[in-house]
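Participant: One structure is given below, represented as structure tokens, and several questions about it will come after.
The values are calculated or read from the model by the stated rules, or taken from the named source; none is laboratory data. Not measured: the values here are computed from a predicted model. We place every Cβ from the backbone using ideal geometry, glycine too, and count neighbours over all the protein chains shown.
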Amino acid sequence: MISLTHFLVVSACIFCIGLYAVLAKRNTIMILVGIELMINAAILNFVAFGKYDKINYGGQVFALFAIVLAAASVAVGLALILNVYRHFKTINPQDIHELKD
Amino acid sequence: MTIESLLFYAFACMAIVSALLLVNIRNTARALFLLFIVLFAMAGLYLFALADFIAITQILVYVGGVLILLIFAFMLSNKELLNDLQSTSKHFISLPNWQALVLAFAFLGVMVYSYISWSQHMPQWIAQSEAKGSIILPTDNNIKALGFKFMTQYVLPFEIISVFLMMALIGAAHVSRKEDDI
């Protein structure tokens, strides 16, 4: 039986790696990948706590909802990235600082 | 050390090491394929929390859908790759990232410290369910129970998430259309 703290520490590591990717990367796709890592860490926490909830299965149900939300956010984010690339010919977020054409 | 904890540590090391490699590698295509390994290892970790259906959904949705979408977007905008290679600094540790590194490590320190100090006094409901024996066991039929829960207790969030997913996909298709045809 793996204890709860093990799961929490692993998910904290994955979350902080995702945070680093969001803060440091200069490529919008890599920022999206960092957000995906953070969502995965959150899902791991959901699932680890859901093991102690046999009556409601709340953790596992909301882990599935979180997976669906992540898929939706990736679809919308990639559509935005492709549009931004068509406009600015770059996906470096430091070069995208103008609202007008 | 049982074989279960050995496998758990193996999966955890695989996830963390390939995630670290993912954020350090320059080549975006290789980083996306490393994300593949991270997602598989995370699915393996879900299995140790006895969430078999979540693990399979993770492989289906993330590895089958999200990753293919990310690779598509990378290939459609890969002029960035050349710029990224040219602006690579020659230093071993690239200095402009140190703020992000400090922030991430501070966050990690706070989280790990709070988890370890928290593990002495767990919340009440965990101790109660441990005492009553209502923990999910490896012999339980999880998928059947999840199906019942989705259609009875959680039917409202389920419908809301379905409508939300449809809205998001229609929005994505609308945003990424060509400009001239409306």
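Participant: Only one of these conditions is not met by B:Leu169: (1) more than 25 Å from the chain's Cα centre (by Cα); (2) more than 18 Å from A:Gly50 (Cα to Cα). Which number is it?
Facilitator: B:Leu169 satisfies every listed condition except (1).
Participant: Right, something else. Could you say whether any residue in the stretch A:10-30 is β-branched (Val, Ile, Thr), over 17 Å from the mean Cα position of the chain (by Cα) and in a helix (DSSP H, G or I)?
Facilitator: No; the residues of the stretch A:10-30 include none that is β-branched (Val, Ile, Thr), over 17 Å from the mean Cα position of the chain (by Cα) and in a helix (DSSP H, G or I).
Participant: Output the residue which, of all residues in the stretch B:137-153 that are of a type outside the set (A, V, I, L, M), at pLDDT 90 or above and over 24 Å from the mean Cα position of the chain (by Cα), is surrounded by the most Cβ atoms within 10 Å (Cβ to Cβ).
Facilitator: Within the stretch B:137-153, the match that is surrounded by the most Cβ atoms within 10 Å (Cβ to Cβ) is B:Gln153.
Participant: Which condition does A:Thr5 not pass, out of (1) under 30 Å from B:Glu130 (Cα atoms); (2) crowded, with 17+ Cβ neighbours inside 10 Å, if it passes all the others?
Facilitator: With (1) under 30 Å from B:Glu130 (Cα atoms); (2) crowded, with 17+ Cβ neighbours inside 10 Å applied to A:Thr5, the lone miss is (2).
Participant: Report yes if B:Ile126 is within 27 Å of A:Ser11 (Cα to Cα), modelled with pLDDT of 90 or more and either surrounded by 11 or more Cβ atoms within 10 Å (Cβ to Cβ) or touching a His at 6+ places or on another chain (Cβ under 8 Å) (or both), otherwise no.
Facilitator: So B:Ile126 does not fit the description; no.
Participant: Can you pull out the residues in the stretch B:151-182 that are within 14 Å of A:Gln60 (Cβ to Cβ) and either more than 7 Å from chain A (Cβ to nearest Cβ) or not in a helix (DSSP H, G or I) (or both)?
Facilitator: B:Gln153, B:Tyr154, B:Phe158
Participant: Only one of these conditions is not met by A:Arg86: (1) in a loop (DSSP other than H, G, I, E, B); (2) more than 7 Å from chain B (Cβ to nearest Cβ); (3) of a type in the set (D, E, K, R). Which number is it?
Facilitator: Among (1) in a loop (DSSP other than H, G, I, E, B); (2) more than 7 Å from chain B (Cβ to nearest Cβ); (3) of a type in the set (D, E, K, R), the lone unmet condition for A:Arg86 is (1).
Participant: May I ask you to say which residue of B:Leu60, B:Leu156 is modelled with pLDDT of 85 or more and over 28 Å from A:Cys13 (Cα atoms)?
Facilitator: B:Leu156
Participant: Just for the stretch B:20-66: of the residues that are among the small types (Gly, Ala, Ser) and touching a residue at least 40 places away in the same chain (Cβ under 8 Å), which one is surrounded by the fewest Cβ atoms within 10 Å (Cβ to Cβ)?
Facilitator: So, considering only residues that are among the small types (Gly, Ala, Ser) and touching a residue at least 40 places away in the same chain (Cβ under 8 Å), the one surrounded by the fewest Cβ atoms within 10 Å (Cβ to Cβ) is B:Ala29.
Participant: Also, quick follow-up: Output the number of the condition that A:Ala63 fails; it satisfies all remaining conditions of (1) at positive phi; (2) touching a residue at least 12 places away in the same chain (Cβ under 8 Å).
Facilitator: Checking A:Ala63 against (1) at positive phi; (2) touching a residue at least 12 places away in the same chain (Cβ under 8 Å), the one that fails is (1).
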